[in-house]
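Student: Attaching a single structure in structure tokens format; questions to follow.
The values are calculated or read from the model by the stated rules, or taken from the named source; none is laboratory data. Just so it is clear, the model here is predicted, and its values are computed rather than measured. Note that we place each Cβ from the backbone using ideal geometry, even for glycine, and neighbour counts take in every protein chain shown.
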């Protein structure tokens, strides 16, 4: 087991599924953990359970809802205020909606939570990551990126043509394009960034969706791998010496798995970065003044 004592990790979506399994493993390795959760009562219960299971008492809550860019800003500023280094940033949180939802900022929710909020959080924490020794960013993507061949730049909110799997896959394609472009920007730094495909995992993703969440999802879980198995690649990328210095790649089952060509298209990746930056620009500018 890798020794993560004196290392600090921040994990989003850590109160269930792959995120919870990942957080528990990092805690077992001795990392100081900052877990992002939107439900204080649920998150505190999860933290207490991890402490009891691992014996690691150095676990803290960063309260905030990733569907709100303002709350993402608050999450980042709260962490930065602790003056801690940051060695591992695991962007794990995700949402799957069967019906179209618009966030408080006016953006489609899956695109916001799965991509835009992590784009903002990562950028707000980037200087702290750069100032820490050998930092790693791991973005949890999905093989679902294969199901859609282009970014819908003309209609990122899917005002028309909303189909749940299509829009979810669109956000997962964004995860890999973001990883690819960020890796280019970090080439001369001590920070690496990679994406992971956890495979087909039985999690609570989509559990809030009525009949789908109550009946179909539990049945699907019978045929899917456990969150603990699904988290293995995330943990591997966060901690393994075998991938030290590796950046801009995609992994599945702890081995590199090249994504589809359209997920690493340079022009598309740069365009997504520029648009994402514009969509969150006011938060980045305001935060620069506060740090």
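Student: Just to be sure I understand, how many residues within region 142-184 are within 30 Å of residue 245 (Cβ to Cβ) and part of a helix (DSSP H, G or I)?
Tutor: Selection size over region 142-184: 18.
Student: Picking from 138, 113, 104, which residue would you name as being buried (at least 23 other Cβ atoms within 10 Å of the Cβ) and either over 18 Å from residue 13 (Cβ atoms) or out of contact with any helix residue (DSSP H, G or I) (no Cβ under 7 Å at 6 or more places or on another chain) (or both)? Steps first, please.
Tutor: Numbers: 138 fails: either over 18 Å from residue 13 (Cβ atoms) or out of contact with any helix residue (DSSP H, G or I) (no Cβ under 7 Å at 6 or more places or on another chain) (or both); 104 fails: buried (at least 23 other Cβ atoms within 10 Å of the Cβ).
Matching residue, one of 138, 113, 104: 113.
Student: OK, next. What number of residues in region 1-42 are within 12 Å of the chain's Cα centre (by Cα), under 13 Å from residue 238 (Cα atoms) and at pLDDT below 95?
Tutor: Of the residues in region 1-42, 1 are within 12 Å of the chain's Cα centre (by Cα), under 13 Å from residue 238 (Cα atoms) and at pLDDT below 95.
Student: Can you name every residue in region 1-55 that is assigned to a loop (DSSP other than H, G, I, E, B) and free of Cβ contacts under 8 Å to residues at least 40 places away in the same chain?
Tutor: 1, 3, 5, 6, 15, 30, 38, 39, 55
Student: From the list 275, 235, which residue is touching a residue at least 60 places away in the same chain (Cβ under 8 Å), within 16 Å of the chain's Cα centre (by Cα) and not in a loop (DSSP other than H, G, I, E, B)? Quick ask: steps written out before the conclusion?
Tutor: Details: 275 fails: within 16 Å of the chain's Cα centre (by Cα).
235 is the lone residue from the list that is touching a residue at least 60 places away in the same chain (Cβ under 8 Å), within 16 Å of the chain's Cα centre (by Cα) and not in a loop (DSSP other than H, G, I, E, B).
Student: Restricting to region 142-160, count the residues that are within 17 Å of residue 96 (Cα to Cα) and modelled with pLDDT under 95.
Tutor: 7
Student: Give just the number: which of (1) at pLDDT below 70; (2) in a loop (DSSP other than H, G, I, E, B); (3) closer than 30 Å to residue 127 by Cα does residue 205 not satisfy?
Tutor: (3)
Student: So if I check each of 112, 54, which one is at pLDDT 95 or above and more than 18 Å from residue 23 (Cβ to Cβ)?
Tutor: 112 is the lone residue from the list that is at pLDDT 95 or above and more than 18 Å from residue 23 (Cβ to Cβ).
Student: Oh, and also: Out of all the residues in region 137-147, is one or more under 23 Å from residue 266 (Cα atoms) and over 19 Å from the mean Cα position of the chain (by Cα)?
Tutor: Yes, there is a match, as at least one residue in region 137-147 is under 23 Å from residue 266 (Cα atoms) and over 19 Å from the mean Cα position of the chain (by Cα).
Student: Can you tell me which residue within region 56-84, out of those that are surrounded by 15 or more Cβ atoms within 10 Å (Cβ to Cβ) and part of a loop (DSSP other than H, G, I, E, B), is nearest to the chain's Cα centre (by Cα)?
Tutor: 66
Student: Quick check: anything in region 89-109 part of a helix (DSSP H, G or I) and more than 17 Å from the chain's Cα centre (by Cα)?
Tutor: No, the conditions are met nowhere in region 89-109.
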